[in-house]
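Engineer: Got a structure for you, written out below as structure tokens; questions coming shortly.
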Ligand code: C2O
Ligand code: CU
């Protein structure tokens, strides 16, 4: 095993990712940031310097469980203090298993400062969401594949119904698609991550099928599909057999599902190296499935089961927590709430506050573990008691926890949205999905305890529930939240903690803010 050293300078830079110039958040001048390749057992040592000048930053290594290094999880106000402008923080952690992962900012709405592309800044979005009346961020202007998209032209103007002119690249443009070059009669592994702020995606390659083999760093029972759904926070590996006519090129398309959106598909070209890369495909791009064909999405998702031999969930759980997802109003502010509590993060990171028993830095009362039995998930919620809060669900170390994520109607009548929930610090087994309200007596028996896939992100479908099981075996404080950035910002998350007393020493550089900073100062003064 090796120690791999990286130096990451985070700064705002000008880029032209969708053919219009924007300020985006980049690393070492690159957007998207550098790819990290490591082997199992390697230690990554990343010195992150904040060169943003006017705001803090952190980076979360999404899908890495940070076993034994909870302070390196990169969540501001949870696992560490935001890194001040000019300062450097060292992320040092072990890559303990193979898989496909990605990294992103986890402070304020910084994740929106670069992935699917809005032409408004993440700051403007943040202010809009926190205002009364709320100003919703709308749909993204562009989708990017490997950091590239086209806003003012279409690669496939001749094929699709668009008013945009045909793109005409001379070469060297920052928004020209990254071509996927392949040789005929081979099998390729494509690693896919959805880093979107809002959108749920469907990816397809014309004339080719895809074999799904990995999800969120775990092998799954291989299955073949024409297209793959990817929700924000999910990663996949698919196998592509280049078994089609090698005298042609083909489109790879990524389009939006689960929300009504007129953002055009992102496109790039699968180029058989028997042809010039500049040859346009003769066939039209794949058609993205209808956004509201939720049945199709459910069918896709239910095909994901674990590969034979993958660890299976404990047969029973020690604890059962229901998390009801509702949209509500607090005064004139629109919020998302879980069991009627809308998450707002404290000033002192939980990890330090719990470890050093600094009372009064967050709500000492744990949030509710269920919601009223008579709650009608099909109606616009009447939530007179929604509050903001920052309490913590605390587990015994190694406790087996079941979480039932329960979806409901939002403030708008007859609407319920998809939410991809992501857990830090663990994988969970996805025990099942169902319609309507989860009824323990009826649904518990139907859960999949033999081929449940291990994941770190799982969706709840409109008006449905999703049942998860995990073992609280990783000492630390962990966020569990909807991976839609504006939803998290509006309170759609909870905090889990376990075994914090077992953590030997949290590096002080992680805790130089809030009440922990004061504590260190007092220690040196006395
Ligand atoms: Cu990629 Cu807390 O998320
Ligand atoms: Cu959400």
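Engineer: Starting from 0.36 nm per residue, how many nanometres of slack lie between residue 442 and residue 191 once their C-alpha separation is accounted for?
Structural biologist: Answer, rounded to one decimal: 86.5 nm.
Engineer: Calculate the radius of gyration of the Cα atoms of the stretch 56-170 to one decimal place, then report Dmax, the largest Cα-Cα distance, as a whole number, both in Å.
Structural biologist: 18.7, 54
Engineer: Go ahead and collect, in residue order, the members of the stretch 441-456 whose backbone nitrogen is under 19 Å from a label point 7 Å along the Cα-Cβ direction of residue 373.
Structural biologist: Answer for this model: 441-445.
Engineer: How high is the relative contact order of the stretch 180-302, in percent, counting Cα pairs under 8 Å that sit 6 or more residues apart?
Structural biologist: Result for the stretch 180-302 is 31 percent.
Engineer: Return a whole-number percent for the relative contact order of the stretch 3-108, with Cα pairs under 8 Å and 6 or more residues apart as the contact set.
Structural biologist: Dividing the mean separation by the residue count of the stretch 3-108 yields 30 percent.
Engineer: If each DSSP helix of 4+ residues adds -39,500 (n - 2.57) and the sum is divided by the residues in the chain, what number results at 222 nm, nearest 500 deg cm²/dmol?
Structural biologist: Rounded to the nearest 500, the figure is -2000 deg cm²/dmol.
Engineer: To test your reading of the geometry: what angle, between 0 and 90 degrees and rounded to tens, separates the Cα axis of helix 514-525 from the longest principal axis of the chain?
Structural biologist: For 514-525 against the chain, the angle is about 60 degrees.
Engineer: Taking the simple approach of a point 7 Å from Cα along Cα-to-Cβ for both residue 398 and residue 241, what is their distance in nm?
Structural biologist: Each label point lies 7 Å from its Cα, and together they span 4.6 nm.
Engineer: Could you calculate the contour length gain from residue 162 to residue 356, that is, 0.36 nm times the residue separation minus the distance between their Cα atoms, to one decimal place in nm?
Structural biologist: 63.9 nm
Engineer: A further question follows. For the pair residue 315/residue 291, report the inter-label distance in nm, with labels modelled 7 Å from Cα in the Cβ direction.
Structural biologist: About 4.7 nm, to one decimal.
Engineer: Moving to a separate point now. Within the stretch 319-517, what percent of beta bridges assigned by DSSP are antiparallel, to the nearest 5? Show your work: numbers first, answer last.
Structural biologist: Details: 36 of 48 bridges.
Bridges in the stretch 319-517 are about 75 percent antiparallel.
Engineer: Starting at 0 and stepping by 5 Å, how many percent of the alpha carbon pairs of the stretch 411-487 end up in each bin?
Structural biologist: 3, 14, 21, 22, 20, 12, 6, 1, 0
Engineer: Decide, for the stretch 421-462, between rounded, prolate and oblate: order the square roots of the alpha carbon gyration tensor eigenvalues as a ≥ b ≥ c, take rounded if a/c falls under 1.5, and otherwise choose prolate if a/b is larger than b/c, else oblate.
Structural biologist: Judged from the Cα gyration tensor, the stretch 421-462 comes out oblate (a/c at least 1.5, b/c at or above a/b).
Engineer: I've got another one for you. Compute the length gained on full extension between residue 4 and residue 173: take 0.36 nm times their separation in residues and subtract their Cα-Cα distance, giving the result in nm to one decimal.
Structural biologist: Length gained between residue 4 and residue 173: 57.6 nm.
Engineer: If r is the Cβ-Cβ distance from residue 504 to residue 53 and R0 is 30 Å, what FRET efficiency results, to the nearest 0.05?
Structural biologist: Working from the Cβ atoms, E equals 0.30.
Engineer: Counting only C-alpha contacts under 8 Å and six or more residues apart, can you give the relative contact order of the chain as a whole percent?
Structural biologist: Here the relative contact order equals 15 percent.
Engineer: Sticking with the crude label model, points 7 Å out along Cα→Cβ, report the distance from residue 92 to residue 273 in nm, one decimal please.
Structural biologist: So the label points at residue 92 and residue 273 sit 4.1 nm apart.
Engineer: Over the Cα atoms of the stretch 147-297, Rg to Rh with Kirkwood Rh, two decimal places? Present the calculation step by step, with values, prior to reporting the outcome.
Structural biologist: Numbers: Rg = 15.3 Å, Rh = 16.2 Å.
My calculation puts Rg/Rh at 0.95.
Engineer: Can I ask one more? Among bridges DSSP assigns within the stretch 3-108, what percent are antiparallel (round to 5)?
Structural biologist: Given both bridge residues lie in the stretch 3-108, the antiparallel proportion sits at roughly 70 percent.
Engineer: Related question: Treating each Cα of the stretch 3-108 as an identical point scatterer and ignoring solvent, apply the Debye formula and state log10 I(q)/I(0) at q = 0.18 Å⁻¹.
Structural biologist: For the stretch 3-108 at q = 0.18 Å⁻¹, log10 I(q)/I(0) is -0.88.
Engineer: While we're on this one: State, to one decimal in nm², a quarter of the convex hull surface area for the C-alpha atoms of the chain, i.e. the direction-averaged projected area. Don't skip to the end; give the middle numbers.
Structural biologist: On the way: hull surface 98.9 nm².
For the chain, the mean projected area of the Cα convex hull comes to 24.7 nm².
Engineer: Once R0 is set to 30 Å, what does the formula 1/(1 + (r/R0)^6) return for the Cβ-Cβ distance between residue 435 and residue 223, expressed as a FRET efficiency to the nearest 0.05?
Structural biologist: Working: r = 23 Å, r/R0 = 0.76.
Once the sixth-power term is evaluated, E becomes 0.85.
A short reminder: the numbers here are calculations on the coordinates, not readings from a lab. Values in this document were obtained by computation on a predicted structure and should not be read as measured data. Please note: Cβ atoms are built from the backbone with ideal geometry, for glycine as well, and neighbour counts cover all protein chains shown.
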